[in-house]
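Structure, as C-alpha cells:
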Amino acid sequence: MSQILPSLLIAPALSVVGLFFLLPLGFSIAGAFAGRDGPTLVHFDTAYSLYRTDLLFTLVIIGTSTVLIGLGAVAIGGYLTLGRNQTAVRLLGAMYRWPLFIPFIVAAQAMRGFIGQNGLMNTTLITLGLIPPAWAQSFLDWRGIIITFVWKQLPFAALLVAGAMAALDRSGIEAAQNLGAGRLRILVRIVLPQVARTLSVALILSFVTMMSVLSVPLMISGQSPTMLTVAMAWRITALGDYGTANALGFVACLASGLVAWTWLRRSVREKAR
Amino acid sequence: MSHLLWWLPRAVLLAAFAFFIFGPLANLVLWSVAEAWFWPNRLPSQYGFRFWERVFRPEGQAMASLWLSIWIACLTTLLCLAVSVPAAWALAKAKLRWRAAILLVFLLPQAFPNLPVSINIARLFFSFDLNGTVLGVVLVHAAHGLVYSIWIATAAFAAIEDELEMAARNIGASPFRAFCSVTLPLAAPGIAASAIFVFLESLDEFTATYFVGAPEVRTLPLLLFSAAAGGNMQIAAITALILLVPSVLFMLVVERFLRAEVLARVGH
C-alpha cells in the first residue's frame with residue numbers, strides 16, 4: 001500500500017494534538033526564555049528565588065508517593081498471585097480497584113473530610129478506642145497530598161503489576177516452592193525481576209500524572225510551601241505573569257522528561273542485550 | 001481456635017485496607033446527607049436529603065453544570081472517534097514508516113504536565129475568541145483523550161485477522177464496504193471501550209477547563225471546586241458523588257469491554 005492514503009487518514013488526528021498540545025507546549029517553552037528584548041534567563045532567576053522550596057517540596061512529595069505506590073502495588077500484586085487463602089485473595093481483588101477511575105478532584109474532596117483533625121478517620125479510630133482523642137491531628141498538609149496521591153494512583157499501578165504477575169509462567173514459582181523457598185523470597189527473587197518493566201512503566205506514568213495535578217494540592221493543603229502546579233496557577237490567575245509561570249512549567253516538563261528519558265534509555269539497552 | 005488465630009492478622013490487614021479505600025468514600029456519602037454536622041459531634045446530628053433536592057432542582061446550577069459536562073464529554077468523544085477510527089485503522093493495517101513515533105506523539109499530552117500547556121492554550125484561544133466557549137474546551141479535552149481512542153482502537157484493529165477483510169474483498173466487496181461490514185463491527189467493542197475512556201477523561205477534566213473554560217463554561221468539576229473552596233461541604237460532596245458514579249461503574253465493567261488480546265496489543 002502506498003503511504004499517501006494512510007497519511008491522509010492520520011492527518012486529522014495528528015493535527016488535533018499538534019494544534020492543541022504541541023503548539024502551546026512550544027509557546028510555553030519559548031515563553032520561558034522570552035524577554036522584552038531578546039532571549040533571557042530572568043524568568044528562571046525569579047522562579048528559582050521565589051519557588052526553589054516549592055520545587056524541592058514537589059519532588060519530595062511526588063518521589064515519596066511514587067515509592068509508596070510501587071511498594072503497595074508489589075504487595076497487592078504479590079498477595080493476589082501468591083496468596084493461599086482464596087477468600088482473602090478475592091476480597092483484596094474486589095477492593096483495591098475502586099479508586100481506579102475516580103477523578104483527582106473527587107479524591108481530594110473525599111480525603112479533605114476524611115483526614116482532617118475532626119475527620120472521619122480520627123473519629124473512627126477514637127470511637128474504636130484505637131487512639132486517645134489527644135492524638136487526633138490534621139493530615140491536611142504535605143502528608144495529606146501524599147495520602148491522596150497514593151489512594152488515587154495505587155489501583156492503577158497495582159492493576160498493571162497484578163496483571164503482569166498473573167501472566168507469568170508459574171513453573172518457576174512452583175519450582176522455588178518445591179525447593180522450600182518462602183513466599184516473600186519468591187516474590188522478591190523470582191516474581192519481581194520478571195515484572196520490573198511493567199512496574200517501572202506504571203510508576204513513570206504515575207509520576208508524570210501526579211506532576212500535573214492541580215486540584216489535589218489546591219484542595220488538601222493551601223499553605224506554603226506548596227507544589228509547582230499551585231505556584232504556576234497563582235502566577236497566572238493573580239499576577240498574569242506568564243514568564244515565571246512558563247519557566248516553572250519548563251522545570252516541571254524537564255523533571256517529567258528526565259524520568260521518562262532515563263527509563264527509555266534503560267529499556268532500549270535492555271532490548272539490545 | 002488456631003484457625004481463628006490464623007485468620008486474625010489477615011483480617012486486620014484487610015480491614016485496615018478497606019478502611020483506607022472506602023473511608024474517604026463513606027465520608028462523601030455522610031456529608032451528602034448531613035444537614036447538620038458540627039464539631040464536637042462525631043457523626044452528623046441531622047440527616048436528610050435537603051441538599052440533594054437543592055442540587056437536583058431543575059433550575060439549579062448543579063443540573064446546568066451536569067448537562068453541560070455531559071454535552072462537552074459527548075462532543076469530545078464524537079470528535080475523538082471521528083479522527084481516531086481512520087487513523088487507528090491506518091496505524092494498525094498499513095505498514096507505516098513512522099508508526100512508533102506517531103503513536104508516541106499521541107501519548108505526549110499525558111506524559112507532560114499539562115498545566116503550562118493549558119495556560120498557553122488559554123492565551124492562544126483568547127486571540128481567537130475561543131476562551132470560555134464549549135468548542136474551546138472540547139478541543140483541549142480531545143487533545144488529551146486521543147491517546148485512549150487512538151491506542152485502544154489501533155489495538156482493536158490490529159487484533160483482527162487480515163484474512164477476514166480479504167475474504168470480503170474476494171467475494172467482490174469494495175475496500176470501504178469490507179471495512180464497514182467486516183472490520184468495523186469486529187473492532188466495535190474495543191472502540192466502544194476507548195469511547196468510554198475519552199468520555200470519562202472529558203467528564204473528569206479539571207485543570208485545562210479551569211484555565212480555558214472558566215468562568216463561562218462551568219463543568220461539574222469546576223462547580224465541585226468552587227463549592228469546596230466556598231466551604232459548602234454538602235454541595236461539594238454531592239457533586240463529587242455524581243462524578244463518582246460513572247467512574248465506579250466503568251471500573252466494574254471495564255474488563256468485559258477490553259478483551260485480553262486487545263489489552264495485550266495496546267501500545268505495540
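Every read-out reported here was derived from the displayed coordinates using simple, explicitly stated rules and does not represent laboratory data. Just so you know, these numbers come straight off a predicted model, no measurement behind them. Backbone-built Cβ (ideal geometry, glycine too); neighbour counts: all protein chains shown.
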List the longest stretch of chain B that has no exposed loop site; here a site is one of the GluC sites (Glu not before Pro) assigned by DSSP to anything other than H, G, I, E or B, with at most 10 other Cβ within 10 Å.
B:162-268
Starting from the Cα gyration tensor of the protein assembly as shown, take the square roots of the eigenvalues, sort them a ≥ b ≥ c, and report rounded, prolate or oblate (rounded when a/c is under 1.5, otherwise prolate if a/b is larger than b/c, else oblate).
rounded
Residue order, fewest to most beta carbons within 10 Å, for B:Ser226, B:Ser32, B:Ser84:
B:Ser226, B:Ser32, B:Ser84
Measuring from a point 7 Å past the Cα of B:Leu135 along Cα-to-C-beta, which residues in the range B:195-212 have an amide N at less than 19 Å?
B:209, B:212
What does the average come to when, for each residue of peptide A:73-80, you count the partner chain Cβ atoms lying within 10 Å of its Cβ?
1
Quantify how strongly other chains surround peptide B:40-47 by giving the mean number of their Cβ atoms within 10 Å of each of its Cβ atoms.
2
Calculate the length of the line joining the C-alpha centroid of the range A:81-150 to that of the range B:13-83, in whole Å.
18
I need the phi-derived Karplus couplings for the range A:148-155: 6.51 cos²θ - 1.76 cosθ + 1.60, θ = phi - 60°, integer Hz, Gly and Pro marked x.
5, 4, 5, 4, 7, 8, 4, x
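Sorting B:Cys74, A:Cys253, B:Cys80 on the 10 Å Cβ count, fewest up front, what's the list?
Lowest to highest Cβ neighbour count: B:Cys74, A:Cys253, B:Cys80.
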With labels modelled as points extended 7 Å from the Cα through the Cβ direction, what inter-label distance (nm, one decimal) is found for B:Leu43 paired with B:Arg10?
3.1
Counting other C-beta atoms within 10 Å, and keeping those with at most 16, which DSSP coil trypsin sites (Lys or Arg not before Pro) do you find in the range B:55-129?
B:Lys95, B:Arg97
Cut-off 10 angstrom, C-alpha nodes, Gaussian network model of chain B. Which of B:Ala228, B:Ala73, B:Ala187 fluctuates the most?
B:Ala228
Considering the options B:Val248, B:Gln46, A:Trp135, tell which one lies farthest towards the positive end of the dipole of the protein assembly as shown, charges being +1 on Lys and Arg and -1 on Asp and Glu at the Cβ, about the Cα centre.
A:Trp135
Which residue, B:Leu13, A:Gly31, B:Gly136, has the largest displacement toward the positive end of the dipole of the protein assembly as shown when charges sit on each Cβ (Lys, Arg +1; Asp, Glu -1)?
B:Leu13
Starting from the Cα gyration tensor of the range A:41-272, take the square roots of the eigenvalues, sort them a ≥ b ≥ c, and report rounded, prolate or oblate (rounded when a/c is under 1.5, otherwise prolate if a/b is larger than b/c, else oblate).
oblate
Does chain B come out rounded, prolate or oblate, given a ≥ b ≥ c as the square roots of the eigenvalues of its C-alpha gyration tensor, rounded meaning a/c under 1.5 and, failing that, prolate meaning a/b above b/c?
oblate
Once phi is turned into ³J(HN,Hα) by the Karplus curve 6.51 cos²θ - 1.76 cosθ + 1.60 with θ = phi - 60°, what whole-Hz value does each residue of the range A:163-178 show in order, with x for glycine and proline?
x, 5, 5, 5, 7, 5, 5, 7, 5, x, 4, 5, 4, 5, 5, 5
If A:Arg97, A:Arg266 are placed from fewest to most neighbouring beta carbons inside 10 Å, the sequence is A:Arg266, A:Arg97
For chain A, set up a GNM with springs between Cα atoms under 10 Å and report which of A:Ile220, A:Ile126, A:Ile173 has the largest fluctuation.
A:Ile126
Need the C-alpha centroid separation for the range A:163-229 versus the range B:113-174, integer Å.
29
Identify, among B:Pro109, B:Leu164, B:Ile72, the residue whose Cα sits farthest towards the positive end of the charge dipole of the range B:70-168, taking +1 on the Cβ of Lys and Arg and -1 on the Cβ of Asp and Glu, with the dipole about the Cα centre.
B:Pro109
Of the residues B:Thr239, B:Thr76, B:Thr183, which exhibits the maximal mean-square fluctuation in a Gaussian network model of chain B defined by a 10 Å Cα contact cut-off?
B:Thr183
Pick out the long, greasy-scoring helices in chain B: whole DSSP H runs spanning 18 Å or more along their own axis by Cα, mean Kyte-Doolittle at least -0.5.
B:2-32, B:61-93, B:99-111, B:114-127, B:134-158, B:184-204, B:233-257
Sort A:98-107, A:39-48, B:18-27 by packing, meaning the average of other beta carbons within 10 Å per residue, with the highest value first.
A:98-107, B:18-27, A:39-48
Averaged over its residues, how many other protein chain Cβ atoms are within 10 Å of peptide B:234-244's Cβ atoms?
4
Which value, in debye to the nearest 20, describes the size of the charge dipole of the protein assembly as shown about its Cα centre when Lys and Arg Cβ atoms bear +1, Asp and Glu Cβ atoms bear -1, and nothing else is charged?
1280
Once amide H atoms are built 1.01 Å from N in the peptide plane, which residues 5 or more positions from B:Glu35, or in another chain, come under 5 Å H to H?
B:Gln46, B:Tyr47, B:Gly48
